[in-house]
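These notes concern the structure reproduced below.
The values are calculated or read from the model by the stated rules, or taken from the named source; none is laboratory data. Remember, it's a predicted structure, so these values are computed and weren't measured experimentally. Every residue, glycine as well, gets a Cβ built from its backbone with ideal geometry; the counts of neighbours run over all protein chains shown. Areas reflect the complete protein model, heavy atoms only, side chains present, ligands, DNA and RNA absent. Shrake-Rupley method; radii C 1.70, N 1.55, O 1.52, S 1.80 Å.
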Amino acid sequence: MLKIYLGEMDNVLHNVEVYFKNQMDYSWLDDEFAREVIADVDRSQVVSSHCIVSPVLGQIPPTALAGGTKALLLMKNQKERIINASNCGDNCAKWILKLGQMQELTINLNHIMDFGEGVFEAEILNNGHVIHNMKEFVFEAVKYL
C-alpha cells in the first residue's frame, strides 16, 4: 500500500541525484519495471545495465536519467528509505501508484501531486486517513501543505 506523509518529515531522502549516483546498482536496470519507467518518463530505451539510449542525448549512463526516474528506481530498490517524491513530476504519479500496489511504499510529498482521475488507495500518514481519489487527496493535502 502507498503511504504518504505530507509536509516536512525527518529522515527523508531529499537529494536523489547524489544518493542515486553513489548507491545505484546496475542490476536495477535489468528489471522490467525499470525498463518501463525509463521508456515512459525518459522516453529512452535500456540497451544494457550500463547504457541507455535517449532520443535527445544519445547513449547515456544511468546517472544521466531524469530525477523523477532516479527517485522511482530508489523507491523500488531501496525500500527502507523514504524518498521525497516532490523530486518527481506528475508524470511519475502513475508509477508511484503502481509501486504502492506492488510493495509497501512510504513517500514524502511537499506539494500536491496529480495522481489522475482514477481510483487509487493511499494512506495519509499525518492522520491515518485512507484516500481513494484526487478529490480526497487534495482535501487531506491542504491541511498539511
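Please work through the chain and write down the cysteines that have no neighbouring cysteine Cβ at a distance under 4.7 Å.
Those would be CYS51, since no other cysteine Cβ in the chain comes under 4.7 Å of theirs.
Restricting things to Cα coordinates, could you compute the convex hull volume per residue of region 10-90 in Å³? Intermediate values should be presented prior to the final figure.
Values: hull volume 6.9 nm³, N = 81.
About 85 Å³ per residue, rounded to a whole number.
Take the cross-link list LYS3/LYS135; LYS79/LYS143; LYS76/LYS135 and give me the ones stretching past 21 Å between alpha-carbons.
LYS79/LYS143; LYS76/LYS135
Residue by residue through region 54-64, what is 3J(HN,Hα) from phi via Karplus (6.51 cos²θ - 1.76 cosθ + 1.60, θ = phi - 60°)? Round to whole Hz and write x for glycine and proline.
Karplus values, whole Hz, x for Gly and Pro: 9, x, 9, 9, x, 6, 9, x, x, 5, 9.
Go through TYR144, TRP28, LEU97 and say which Cα lies farthest out towards the positive end of the charge dipole of the chain; charges sit on Cβ, +1 for Lys and Arg, -1 for Asp and Glu.
Of the listed residues, the answer is TRP28.
So who's got an amide H within less than 5 Å of the one on THR106, skipping anything under 5 residues away but keeping other chains? H placed 1.01 Å off N, in plane.
Sorted by chain and number, the residues that satisfy this are LYS3.
Can you tell me which of ILE96, ILE38, ILE124 moves the most in a GNM of the chain? Springs connect C-alpha atoms under 10 Å apart.
Among ILE96, ILE38, ILE124, the largest mean-square fluctuation in the Gaussian network model of the chain belongs to ILE124.
Would you mind checking which residues have amide H under 5 Å from ILE82's amide H? H placed 1.01 Å from N; only 5 or more apart, or other chain.
Placed amide hydrogens put LEU13 under 5 Å from ILE82.
Which one, ASN22, ASN77, ASN133, has the greatest fluctuation when you compute a Gaussian network model over the chain with C-alpha springs under 10 angstrom?
ASN22
How large is the charge dipole for region 65-110, taken about the Cα centre, if only the Cβ atoms of Lys, Arg (+1) and Asp, Glu (-1) carry charge, to the nearest 20 debye?
Dipole size: approximately 120 debye.
Testing the spin-label approximation: label points 7 Å from Cα along Cα→Cβ at GLN23 and ALA39. State their distance in nm.
Going by the 7 Å Cα→Cβ label model, 2.8 nm.
What 222 nm value per residue comes from the helices of the chain, counting each DSSP H run with n ≥ 4 as -39,500 (n - 2.57) and dividing by all residues, nearest 500 deg cm²/dmol?
Computed mean residue ellipticity for the chain: -10000 deg cm²/dmol.
Quick one: compute a quarter of the convex hull surface over the Cα atoms of the chain and quote it in nm². Provide the component values of the computation, followed by the final result.
Working: hull surface 32.7 nm².
Averaged projected hull area, Cα only: 8.2 nm².
What area, in nm² and to one decimal, does the C-alpha convex hull of region 79-145 cast on average over all directions?
Across all orientations, region 79-145 yields a mean hull projection of 4.2 nm².
Charges only on Cβ, +1 for Lys and Arg, -1 for Asp and Glu: so what's the dipole of the chain about the Cα centre, in debye to the nearest 20?
Dipole size: approximately 180 debye.
Per residue, how large is the accessible surface of region 58-145? Use a 1.4 angstrom probe and give square angstrom.
46
How much length is gained if the chain between VAL142 and GLU121 is pulled fully straight, taking 0.36 nm per residue apart and subtracting their Cα-Cα distance, in nm to one decimal?
Gain in length upon complete extension: 5.8 nm.
What percentage of the solvent-accessible surface of the chain, computed with a 1.4 Å probe over protein heavy atoms, is contributed by carbon and sulfur atoms?
Result for the chain: 49 percent of the exposed heavy-atom area is carbon or sulfur.
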